[in-house]
1. List the residues, sorted by chain then number, that are 5 or more residues from ASN200 or on another chain and whose placed amide H is less than 5 Å from its amide H.
2. Using the scaling law 2.2 N^0.38 Å as the reference, what is the normalised Cα Rg of segment 305-401?
3. Which whole-number percentage describes the relative contact order of segment 256-329, with Cα contacts under 8 Å and a sequence gap of 6 or more?
4. Output ³J(HN,Hα) for segment 29-39: one whole-Hz value per residue in order, computed from phi by the Karplus curve 6.51 cos²θ - 1.76 cosθ + 1.60 with θ = phi - 60°, and x for Gly and Pro.
5. For segment 188-400, compute the orientation-averaged projected area of the C-alpha convex hull (one quarter of its surface), in nm².
6. For segment 188-400, what is the accessible area per residue in Å² when the probe is 1.4 Å?
7. Could you derive backbone 3J(HN,Hα) for segment 138-148 from the dihedral phi with the Karplus parameters 6.51, -1.76 and 1.60 (θ = phi - 60°), listing whole Hz in sequence and x where the residue is Gly or Pro?
8. Keeping the other protein chains in place, figure out the carbon and sulfur percent of the accessible area of the chain, with a 1.4 Å probe.
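The values are calculated or read from the model by the stated rules, or taken from the named source; none is laboratory data. Given the structure is predicted, the values throughout are model-derived calculations rather than measurements. A quick note on method: Cβ atoms are made from the backbone with ideal geometry, for glycine too, and the neighbour counts reach across all protein chains shown. Remember, those area values only see protein heavy atoms, side chains included, never the ligands or the DNA or RNA. Shrake-Rupley method; radii C 1.70, N 1.55, O 1.52, S 1.80 Å.
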Amino acid sequence: MKNLFNKKILFIICGGISAYKSLEIIRLFKKNGAEIKTILTSSAKEFITPLSVTSLSQGKVYSELFSVENEIEMDHIALSRWADVILVAPATANTISKLAQGLTDDLASTVILASNKSIYLAPAMNVRMWEHQSTKQNLNKLKEFKYKIIGPEVGDMACGEYGEGKMSDPIKIANVIDDHFLRKKDDKKFKALVTAGPTNEYIDPVRFITNKSSGKQGYEIARSLNKKGFETTLISGPTNLKIEDDIKLVKVETANEMLIATQENLPVDVAIFSAAVADFKINNKFKNKIKKKNNLNLNLEKNIDILKYVSNHNSMRPGLVIGFAAETEEIENNAENKLNKKNCDWIIANDVSNKNIGFDSDFNEVTVYYKDKNIEKEKLTYRRKSEISDEIVDRIINQLN
Ligand code: PMT
């Protein structure tokens, strides 16, 4: 964690059993040179004491919204302006609900509403509370308001149940905040381009040929690149997904539009082609809606292969070109063939015959095949697409460095 030095972190701790983990987060922040001010909600004080927090953070602990002492020293507006970043961990269901509604009935919620800084929430709650529709709606709202969410994780809970809702480990949370500051550094920014999602190839004005790609894998790769400080462009076919504002999003529909958008966004240091681009388009698409008839023959012509085009570009070929291969059989052979035929540096193979991974799932399992045979291939075993993406981006950074 090299990016926390001298950074000002306003750390808000809410009342949940995982509040004890917040002490470890403070320790990690301090160890890496950050300056911390802390707000404890009144229920947080049921779980940890202001004394332990102040001893570890070596800073003042704030709690009361109406306090003469605070108003003189640092009122709630000054507190939110002081911070470079705000972290709420654990973020309880109650706090999440209050923030979604813009309530300001205590110091923590007031400071957050008054803030114009990046705000990270690390939710922690019982699995049923996490899965409740109201929590889901609140979180969607908060994502729309540009709050950044860390975790939660799946695991055994303090209440004895098992499932999603466990607060992320302190080291993961501290790393996310470290990545936040890494991204803010403007020096030596690598540029990345990612394609994601399906393409639509129109038959007539209202009908098209498409595929099952949701775009999730590509969006997660763009997110991981952005987290690690890449200046990232995401060229996306039609999806319902949202992406952070600091990623440049170019929305396209057809393979041809994806090709043009790609050309317009070169040069980059690394390009990752995760889109499921239609191999064919309709030759002479119908101008008007086709009327019902007994038979209809479609004449298809090949789309330009965007990955191959970029891999073979004379002047604008990125230093690292990565393709994907969605396969249902002979995965290894087909992946190796694509690696050679498309002249890319890595191919990431997806076994899409397995319904639990690949298209539209939140999870994946892939094998990376390398052109440079120092390592022939590496399997990234079953896990969330976000985690697979972090693994891929770590390898990209190693390669570029
Ligand atoms: O979107 P999700 O639901 O998250 O699913 C993720 C995924 C399964 C779509 C993704 O992980 C994946 O495997 N993407 C590649 C899908 C694919 O169609 O691969 P392909 O074998 O047809 O193409 C090989 C490579 O060439 C891909 O990098 C593709 O982006 C690229 N290509 C293909 C055709 C074309 N005209 N232009 C291209 O750039």
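1. Those lying under 5 Å, H to H, from ASN200 are THR254, ALA255.
2. Working: Rg = 13.3 Å, N = 97, 2.2 N^0.38 = 12.5 Å.
So the Cα radius of gyration is 1.07 times the expected 2.2 N^0.38 Å.
3. On the way: 66 pairs, mean separation 34.4, N = 74.
Dividing the mean separation by the residue count of segment 256-329 yields 47 percent.
4. My calculation for segment 29-39 gives 4, 5, 4, 9, x, 7, 9, 10, 10, 10, 10 Hz in order.
5. Values: hull surface 51.3 nm².
Average projection, Cα convex hull of segment 188-400: 12.8 nm².
6. On the way: 11080 Å² over 213 residues.
I get 52 Å² per residue for this part.
7. 4, 5, 4, 4, 4, 5, 4, 6, 6, 5, 10
8. Details: 9530 of 19970 Å².
Ligands and nucleic acids excluded, carbon and sulfur reach 48 percent.
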